[in-house]
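Okay, so here's the structure we're looking at.
Here, each number is a calculation from the coordinates, and none is a lab measurement. Just so it is clear, the model here is predicted, and its values are computed rather than measured. As a convention, Cβ positions derive from the backbone with ideal geometry for all residues, glycine included, and neighbour counts pool all protein chains shown.
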Amino acid sequence: MTSIDVRDLTKEYGTRRAVDGLTFSVRPGRVTGFLGPNGAGKSTTMRLVLGLDRPTSGTATVGGRPYGELREPLRRVGALLDARAAHGSRTAHDHLRALAAGNRISPRRVDAVLEETGLATVARRRVKTFSLGMRQRLGVAAALLGEPEVILLDEPANGLDPEGIVWIRKLLRRLAAQGRTVLVSSHLMNETAAFADHLVILGGGRLLADTPVKDFIHARVRPRVKVRSTEPGALGDLLARHGHEASREEDGTWTVRHARADDLGRLMSEAGVPVLELVTQEATLEEAYLDLTAAEAEFTAPRQEA
């Protein structure tokens, strides 16, 4: 299968540097979440990968070649950058049929992707009558039309209802399981955590992190335990005596950082402090992401060798 390789990529617009010396790779067989604040350079990077803009310096290749050199590119790379790209006066079926004809793709694929994206029943409706969520599904259908090895989606869950969000999550996981290379830009941290295996995070056009999702979360957010007792004062004294870093909520619940639930349970049992609640609070991608981007200059990822 085919990878996306970005090497020393820089893009300047006048005096503004939108992308600043980026180096990373997107590998087959996993979903890579592409994260960063607004203006971080995500959309610009995707445009550079797809040959829609030219880099000031550096390279962005698909399977070792620039996008512009690919033969029948829709068969190699599928992309959704803007759900409004389809002409509003065309029907969904006609929009996909035109794409298929221009890329020597069988008309049967049009019906297949309409079915796969849940648009079969509205295929003859004009695109201008579609909701944002329906336009997103049509954009995904266009990206899948050529059965490409590489798929880039910019905010694919934007405008989708809850059922649609579950659908896109399952679709991304299935595409990765088939060995495809999947890069997905998103602002939805909980959703990204649900579908992504790997993260590439940008800030100010620079690479901040290139890491598996679980490693990123565990490295940046310390474990915490929520514990509650009928004797909150005694619990607080016990935690303090044993050197635990803890804070008390108004309802008497204690949050203990850098601790394990089984160790605290054993400690309370030995001290005779009754337990009403003892729960490990899982670290989230959102917490880790906010921690990183709050101090992005300090945590810029090291440059990688080509």
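Based on the Cβ-Cβ distance of GLU250 and THR284, what FRET efficiency does E = 1/(1 + (r/R0)^6) give at R0 = 22 Å, to the nearest 0.05?
Between GLU250 and THR284 the formula returns 0.45.
Which one of LEU208, PRO274, THR181 has its Cα pushed farthest toward the positive end of the charge dipole of the chain, where Lys and Arg give +1 and Asp and Glu give -1 at the Cβ?
So the residue we want is THR181.
Evaluate the distance, in nm, between pseudo-label points positioned 7 Å from the Cα of LYS226 and of LEU276 along their respective Cα→Cβ axes.
1.3
Taking the Cα centre of the chain as the origin and placing charges on Cβ (Lys, Arg +1; Asp, Glu -1), which of ALA240, TYR67, HIS95 is farthest toward the positive end of the dipole?
Going by the charge dipole, the pick is HIS95.
How big is the gap, in Å, between the Cα center of the stretch 195-269 and the Cα center of the stretch 10-69?
36
Would you kindly state how much longer the chain becomes between ASN103 and ALA234 on full extension, computed as 0.36 nm times their sequence separation minus their alpha carbon distance, in nm to one decimal?
39.9 nm
Hand me the GluC sites (Glu not before Pro) from the stretch 210-294 located in a DSSP loop with no more than 15 other Cβ atoms within 10 Å, in residue order please.
The qualifying sites are GLU249, GLU250, GLU282.
How large is the dipole of the stretch 1-150 about the Cα centre if only Lys and Arg carry +1 and Asp and Glu carry -1, each at its Cβ, rounded to the nearest 20 debye?
Once rounded to the nearest 20, the dipole reads 420 debye.
Of the labelled options (i) 21.7; (ii) 22.2; (iii) 24.2, which one gives Kirkwood radius over Cα pairs in Å as computed for this structure?
Here the calculated entry is (i).
Taking H as built 1.01 Å from N, whose amide H comes closer than 5 Å to the amide H of LEU80, not counting residues under 5 places away?
Result for LEU80 returns LEU152, LEU153, ASP154.
How big is the charge dipole of the stretch 102-200 about its Cα centre, in debye rounded to the nearest 20, if each Lys and Arg gets +1 on its Cβ and each Asp and Glu gets -1 on its Cβ?
440
Using amide H atoms built 1.01 Å from N in the peptide plane, name the residues 5+ places from LEU208, or on other chains, whose amide H lies under 5 Å from its own.
ILE201, LEU202, GLY203, ALA301
When we measure straight from the Cα of LYS11, which lysines land under 28 angstrom away, once same-chain ones fewer than 8 places off are left out?
LYS42
Going by average Cβ density within 10 Å per residue, which order do the peptides 252-258, 185-191 take, highest to lowest?
Packing order, densest peptide first, comes out as 185-191, 252-258.
Quick one: Karplus J couplings for the stretch 240-246, per residue in order, coefficients 6.51, -1.76, 1.60, θ = phi - 60°, nearest Hz, x for Gly and Pro?
For the stretch 240-246, the Karplus-derived couplings read 5, 4, 9, x, 7, 8, 9 Hz, x marking Gly and Pro.
Stretched out fully, how many nm does the piece from ASN158 to THR59 gain, at 0.36 nm a residue minus the Cα gap? Spell out each step's value before the answer.
Values: separation 99, 0.36 × 99 = 35.64 nm, distance 2.92 nm.
Result: 32.7 nm gained on full extension.
At a Cα cut-off below 20 Å, give the aspartates and glutamates reachable from LYS214, other chains included and same-chain residues fewer than 8 away excluded.
List returned: GLU191, ASP197, GLU282, GLU286, GLU287, ASP291, GLU296.
Restricting the count to DSSP beta bridges whose residues both fall in the chain, what percent are antiparallel, rounded to a multiple of 5?
Looking only at bridges with both residues in the chain, the antiparallel portion is about 65 percent.
Hey, what do the phi angles of the stretch 105-110 turn into as Karplus ³J(HN,Hα) couplings, whole Hz, using 6.51/-1.76/1.60 and θ = phi - 60°, x for Gly and Pro?
9, 4, x, 5, 5, 4
Only Lys, Arg, Asp and Glu count, each charged at its Cβ (+1, +1, -1, -1), so figure out the dipole size of the stretch 222-282 about its Cα centre, rounded to 20 debye.
Here the stretch 222-282 has a charge dipole of around 220 debye.
Pairwise over distinct Cα atoms, reciprocal of the mean inverse distance: report the Kirkwood radius of the stretch 222-282 in Å, one decimal place.
So the Kirkwood estimate lands at 11.1 Å.
Just to verify a number: FRET efficiency for THR129 and ASP291, C-beta to C-beta distance, R0 = 35 Å, to 0.05?
The calculated FRET efficiency here is 0.20.
To make sure I understand, if each residue's beta carbon is the centre and we count other beta carbons within 10 Å, what order do TYR13, TYR67, TYR289 fall in, fewest to most? Let's see the in-between values first.
Working: TYR13 11, TYR67 20, TYR289 25.
Ranked by crowding around the Cβ, least crowded first: TYR13, TYR67, TYR289.
What are the ³J(HN,Hα) couplings of the stretch 95-104, residue after residue, when phi is run through the Karplus curve with 6.51, -1.76, 1.60 and θ = phi - 60°? Round to Hz, x for glycine and proline.
Residue by residue, the stretch 95-104 yields 4, 6, 5, 5, 4, 5, 5, x, 10, 6 Hz.
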